[in-house]
Amino acid sequence: MNGSVIKLDLNELTLRGGESYEHTFPLEMAPIVVGGESYHVLVPNGVTVSVDRVAGGFLVGISLVACLYGACERCLREAALEVEAKQQEFVPTRRDGWDESDLSPFIDDMVVDVGALAREATMLSLPNRIVCSPECRGLCQTCGHDLNMGPCDCPGEPLDERWSALEDVRFEE
Ligand SMILES: [Zn+2]
Ligand SMILES: [Zn+2]
């Protein structure tokens, strides 16, 4: 599935100073890959774009709520996550005097790539780890048992190599 292509031409809005525009577009977003896992993304309420005509250019804002579905990083069961994403970009009407790196890569010649901007904002809003719940106990490192279902039969804490070397010394004595 590819994401929606939504292009918004700021010049076509014919906004005068102090005027603004707001519109909500339905949005489909291609899956997002985090830590090698692919997450399916739904944006049930679409993406809301606002444009304000300000001195020297436009302020373009987007906001959306994205629902991600995929494997929990710890236990691999299905995790569902809701993120709120917002981003705002200033688009100068005259590009001279602006460094290319100060300008949004998602706005080319006054045309806003709404789908790409929404995707970027969503990526930036993701937590570092996607888990089924903050209390998820994950899988046993030794046998792979899902520790959310109860403890496994593995003995004690998983041993760190440095400590097992010390244990060997103790047994010899
Ligand atoms: Zn989990
Ligand atoms: Zn185990």
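When Lys and Arg each count +1 and Asp and Glu each count -1, what net charge do the other residues less than 14 Å away from Phe58, Cβ to Cβ, add up to? Around Phe58, the surrounding residues sum to -4. As an equivalent ellipsoid, region 7-136 spans semi-axes of 34, 15, 11 angstrom, where each value is the square root of five times an eigenvalue of the C-alpha gyration tensor, largest first.
Between Asn11 and Leu76, residue separation times 0.36 nm minus the direct Cα-Cα distance comes to 18.7 nm.
Helix content alone sets the calculated 222 nm mean residue ellipticity of the chain: runs of n ≥ 4 DSSP H residues at -39500 (n - 2.57) each, divided across all residues, give -4500 deg cm²/dmol.
Quick note: the coordinates plus some simple rules give every number you see, no bench work behind them. In this text, all values refer to a predicted model and were calculated from it rather than measured experimentally. Virtual Cβ from ideal backbone geometry, glycine too; neighbours counted across all protein chains shown.
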